[in-house]
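A quick write-up on the structure given underneath.
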2 protein chains.
Amino acid sequence: MQHDQQHKELHLQSSDILTDIVIGMSDGLTVPFALAAGLSGAVSSTHLIVIAGLAEIAAGSIAMGLGGYLAGKTEIDHYNSELKREHDEVETVPHKEKAEVKEFFANLGLSEDVQEQAVEEMTKDKEKWVDFMMKYELGLDKPDPKRARNSAFNIGLSYVAGGIVPLLPYFFIDTPLQALKISAVITLICLFAFGFFKSKITGVNPWGGALRVTVIGAIAAGCAFGIARLIQS
Amino acid sequence: MQHDQQHKELHLQSSDILTDIVIGMSDGLTVPFALAAGLSGAVSSTHLIVIAGLAEIAAGSIAMGLGGYLAGKTEIDHYNSELKREHDEVETVPHKEKAEVKEFFANLGLSEDVQEQAVEEMTKDKEKWVDFMMKYELGLDKPDPKRARNSAFNIGLSYVAGGIVPLLPYFFIDTPLQALKISAVITLICLFAFGFFKSKITGVNPWGGALRVTVIGAIAAGCAFGIARLIQS
């Protein structure tokens, strides 16, 4: 089934590098953009907006990057502790574990006869048995040890790359509201393109997806602007 | 297996409300804290830090909340489009789909004989067959339709709740560096407590987890402070 195979591979890829880039860039484009927009409504110098924007990018990329790293680490620790327990249980309470395997086959709608044969054959190899319990009882896939480190790097870098875009105009223009106009145009275009690409990967309508991502960015920026204006005045 | 059952239920819960709160609060505590810390090294008035902080909380909570909503929506759309395709394939290319079911049982280590009986019995009921393909070939669980909306609300609100904590001292103290000291103490305590709780839920060592979360927050704040100082001078 080549069609499905492609789909699965895309799904796998998107669970790895692409998901990381999508996560990092989506927040990187949106949050520094909205923060800069908010400050544009409240301060008179773009210098301060650049400082706040870069501080936010540093904070956000570290929080998300290290957050991604820890999430990956935690996944590995969790998997290993569950793996150890399943190994123990297969040794100490094999009848209970066998009953769980049987239940799995019963839920698939197999006859009593086939259930018992399947359990008999499957539980001969303890490694396969444990793998089965991990995957189909607990729903845990073996995580890639390199994944945690790569994930941190990809998310953090994507956040920085995304975050620089809305800040760029503030580097060159002195009037905050003037810079905001250009920042809004380029950021919303990027969000649209990004949303389009993201939707293509996940297999949903790309135009609808692009519009949704763009609207989120615009709403976040609008609210930040409104709140900053309110406090300032 | 009560032990496992509890574990599964915790896992399920933590994939729902708790995961949302953990995601929202973890970023809510970290990023506004680091942004305020960064600005404390560069500006002379806490009023400006409060404005930037609240703008960031608005931006971040909307970006994350709506982001969570869209992620949930996308998951549902993706599931439904795959479900439709599996239904079609079961009708149009049943032999290929049967071969895939057989491969699944072969990978479990069942004998040729039991594989064929299992395929025969399983594919009698087309609904069960499609469910099987969704779950075990594509690894997709049926998403809860209410989940997308609730997820948005939980993540957004948790971000706001987390973000207010590090900002509080800046409301009451005029000197940025003075406010930063108090903000750092209360935020790092909260991050520690939060990291402890989060680790307990996911089943990893709570002290190690608490330390890791706290260190991320401190590093993010330190970097933001350093960058803001550098640009300012």
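One table, with the values for the structure above:
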read-out	value
For the protein assembly as shown, alpha-carbon Rg relative to the globular expectation (2.2 N^0.38 Å, N residues)	1.11
Integer Hz, Karplus 6.51/-1.76/1.60 couplings in order for the range A:221-230, x for Gly and Pro	5, x, 5, 4, 4, x, 5, 4, 4, 4
Structure-based [θ]222 nm, chain B - -39500 (n - 2.57) summed over DSSP H runs of at least 4, per residue, nearest 500	-29000 deg cm²/dmol
Solvent-accessible heavy-atom area per residue, rounded to whole Å², over the range A:75-233 at 1.4 Å	52
Minimum Cβ-to-axis distance in chain A for the rotation onto chain B, with residue, whole Å	A:ALA52, 3
Pseudo-label separations to other copies for A:HIS87 - Cα-to-Cβ vector, 7 Å, nm	4.5
Accessible-area composition of the protein assembly as shown, carbon plus sulfur, in percent [1.4 Å probe]	63
Other copies of A:ASP144: label-to-label distances in nm, shortest first, labels 7 Å along the beta-carbon direction	3.1
Residue with peak Gaussian network fluctuation, chain B [Cα springs, cutoff 10 Å], from B:GLY24, B:GLY222, B:GLY65	B:GLY222
The range B:13-232 - percent relative contact order, Cα under 8 Å, separation 6 or more	43
Max mean-square fluctuation residue, GNM over chain A, Cα-Cα springs under 10 Å, options A:VAL160, A:VAL22, A:VAL204	A:VAL204
Percent of alpha-carbon pairs separated by more than 17 Å within the range B:75-144	41
Among the listed pairs A:LYS198/B:LYS142; A:LYS98/B:LYS200; B:LYS98/B:LYS146; A:LYS96/A:LYS142; A:LYS73/B:LYS126; A:LYS73/B:LYS73, those beyond 31 Å (Cα-Cα)	B:LYS98/B:LYS146; A:LYS73/B:LYS126
Summed buried accessible area for B+A [probe radius 1.4 Å, Å², rounded to 100]	6200
Residues along the range B:188-213 losing 50 Å² or more of accessible surface when the other protein chains are present rather than the chain by itself (probe 1.4 Å)	B:VAL204, B:ARG212
Inter-copy label distances at B:HIS47 (7 Å, Cα→Cβ; nm, one decimal)	1.9
Max mean-square fluctuation residue, GNM over chain B, Cα-Cα springs under 10 Å, options B:GLY139, B:GLY209, B:GLY38	B:GLY139
Solution diffusion estimate, µm²/s, Stokes-Einstein, chain B, Kirkwood Rh from C-alpha pairs, 25 °C, viscosity 0.890 mPa s	117
Cα gyration tensor category, rounded, prolate or oblate, for the range B:127-189 with a/c compared to 1.5	prolate
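The values are calculated or read from the model by the stated rules, or taken from the named source; none is laboratory data. Just so it is clear, the model here is predicted, and its values are computed rather than measured. So basically every Cβ, Gly included, is an ideal-geometry build from the backbone, and we count neighbours across all protein chains shown. To get the accessible areas, we keep the full protein, side chains included, count just its heavy atoms, and leave off ligands, DNA and RNA. Shrake-Rupley method; radii C 1.70, N 1.55, O 1.52, S 1.80 Å.
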